[in-house]
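Chemist: So that we are looking at the same thing, I have put the structure below in structure tokens.
The values are calculated or read from the model by the stated rules, or taken from the named source; none is laboratory data. All values derive from a computational prediction rather than experimental measurement. Cβ placement follows ideal geometry from the backbone for every residue including glycine, while neighbour counts extend to all protein chains displayed.
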Amino acid sequence: MRKEEFLKELSYLLQDIPDADREEALKYYEEYFEDAPEGEEDEIIRKLGSPEKVAATIREGLRSDEESEAFGEYTDAGYMDERFEDHRMPETYSSGREEDRERHQGTYQEKHYGEYRGEKTGGEQRDRTREQDREWEQPTKDGASEQPREKKRGGCLKIFLIIALCICAVPILIQLALVAALAVLGAVLAVLAAAAAFLLGGGALFAAGIWAVGKGIGVLFVAPATGLMICGLSLVGIAAGILICCFIVWLLCKAVPPLANGLVRIVRRPFEKGGTKP
Amino acid sequence: MVFNTGSALLDAIVLAVVSLEEEGVYGYKITQDVRKVIELSESTLYPVLRRLQKDECLIVYDREFAGRNRRYYKITEKGSAQLALYKNEWQSYSSKISDMFSGRIER
């Protein structure tokens, strides 16, 4: 994957976040590539991971903005967020249920802080430190033990609601799909009918021209001037007929494949999105 | 690495890296410098820088470099205070643990 592709993909994946945030993130990664030593593009892309992962990281950052508790969610329980990071921890530690782990670390932190605050107070400097410390870290202490579980419940509910919505939406979606398919069919038929009408018209003009030339030749012997005029007009008609037919055939050959391609792409799009991209 | 890097420690490292240059440091350089001391995915730092910026510990400005604008991150006064606090905490934390490991701690 090239850097342009990577950035394009990233931009595509972030199309639903606010424009300013997306542009800022894209600018950061664009610069990141530009600042990297030349010839290391592949290496950088490999190290950054998939655009999906980078997008998830950016999104995570935005999400913690909204909750205005950036610290509460991945404090000392480990910054390496389970969702995007490789596991490099010992097996026994990470194999436990996540919830257990979080609770465990929450209480550890709680105790640790209590101990620290309760006993280790001495010296003027220490007091000043604690003052600042409290202001800065307080949200952490409150958030760390409760927030993760609450969030999990919210996640379950969200998934449930999405499933329910999907089930409810099925009849409507089927109808919508039917309507869309019919509309496409109608458009295709209309185009074909128009093409057929023009072809028929051209053919008729051609046939009429041939017939009129025959007539004209007959008239030529009675009234040469009129005969010549009829012949001339008929030939023009024949030419016009051939031209129209050729034009329609050319138009069909030129326009149909791209249209069909476009149609196929539109239909395939929703199926592609869910799967892994090449 | 077996030890997780908590977000406070990561913040401290980033602030330390940025504070070393008076003129500020750009994103790629920060990532590379941080990666010298801790293992970390290259994409982890963007949200961290963004948050530090939002918390007014860092400010950004664009400076021209090789015909384009490069974004530099610079430490603020609040960031420096925060870094001092982190350093202090780290000193006591790491020395206690080191003492414990080497059996020097009194029971």
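Chemist: Name the one entry in A:Tyr93, A:Tyr32 that is within 12 Å of another protein chain (Cβ to nearest Cβ), in contact with a helix residue (DSSP H, G or I) (Cβ under 9 Å, 6 or more places away or on another chain), assigned to a helix (DSSP H, G or I) and at pLDDT below 50.
Modeler: A:Tyr93
Chemist: Can you spot a residue in the range A:202-218 that is modelled with pLDDT of 85 or more and among the charged types (D, E, K, R)?
Modeler: Keep residues of the range A:202-218 that are modelled with pLDDT of 85 or more, which gives A:202-218.
Still in the running and among the charged types (D, E, K, R): A:215.
Yes, that holds for at least one residue.
Chemist: For the range B:2-58, what are the residues that are of a type in the set (Ser, Thr, Tyr) and modelled with pLDDT of 90 or more?
Modeler: If the condition is that a residue be of a type in the set (Ser, Thr, Tyr) and modelled with pLDDT of 90 or more, then B:Ser19, B:Tyr26, B:Tyr28, B:Thr31, B:Tyr46 are the ones that fit.
Chemist: Could you list, in sequence order, the residues of the range B:28-56 that are farther than 19 Å from B:Thr5 by Cα and either within 11 Å of the chain's Cα centre (by Cα) or of a type in the set (Lys, Arg) (or both)? Reasoning before the result, please.
Modeler: Start the filter on the range B:28-56 by keeping residues that are farther than 19 Å from B:Thr5 by Cα, which leaves B:28-29, B:53-56.
Those that are farther than 19 Å from B:Thr5 by Cα and either within 11 Å of the chain's Cα centre (by Cα) or of a type in the set (Lys, Arg) (or both): B:Lys29, B:Lys54.
Chemist: Looking at the range B:24-47, can you tell me whether even one residue there is of a type outside the set (A, V, I, L, M, F, W, C), assigned to a strand (DSSP E or B) and over 20 Å from A:Gly61 (Cβ atoms)?
Modeler: no
Chemist: What number of residues within the range B:3-23 are part of a helix (DSSP H, G or I) and not small (Gly, Ala, Ser)? Steps first, answer last, please.
Modeler: Taking the range B:3-23 first, the residues part of a helix (DSSP H, G or I) are B:7-19.
Keeping just the survivors that are not small (Gly, Ala, Ser) gives B:9-11, B:13-15, B:17-18.
Qualifying residue count for the region: 8.
Chemist: Name the one entry in B:Arg63, B:Arg104 that is loosely packed, with under 12 Cβ neighbours inside 10 Å and part of a loop (DSSP other than H, G, I, E, B).
Modeler: Unique residue meeting the criteria: B:Arg104.
Chemist: Taking the stated definitions as given, is B:Val34 among the β-branched types (Val, Ile, Thr), surrounded by 15 or more Cβ atoms within 10 Å (Cβ to Cβ) and either under 13 Å from B:Gly79 (Cα atoms) or facing chain A (nearest Cβ under 8 Å) (or both)?
Modeler: Criteria not met by B:Val34.
Chemist: On the given criteria, is A:Leu10 within 11 Å of chain B (Cβ to nearest Cβ) and modelled with pLDDT of 90 or more?
Modeler: yes
Chemist: Are any residues in the range B:58-77 at negative phi, more than 10 Å from chain A (Cβ to nearest Cβ) and not aromatic (Phe, Trp, Tyr), and if so, which ones?
Modeler: B:Leu58, B:Ile59, B:Arg63, B:Glu64, B:Lys74, B:Ile75, B:Thr76, B:Glu77, listed by residue number.
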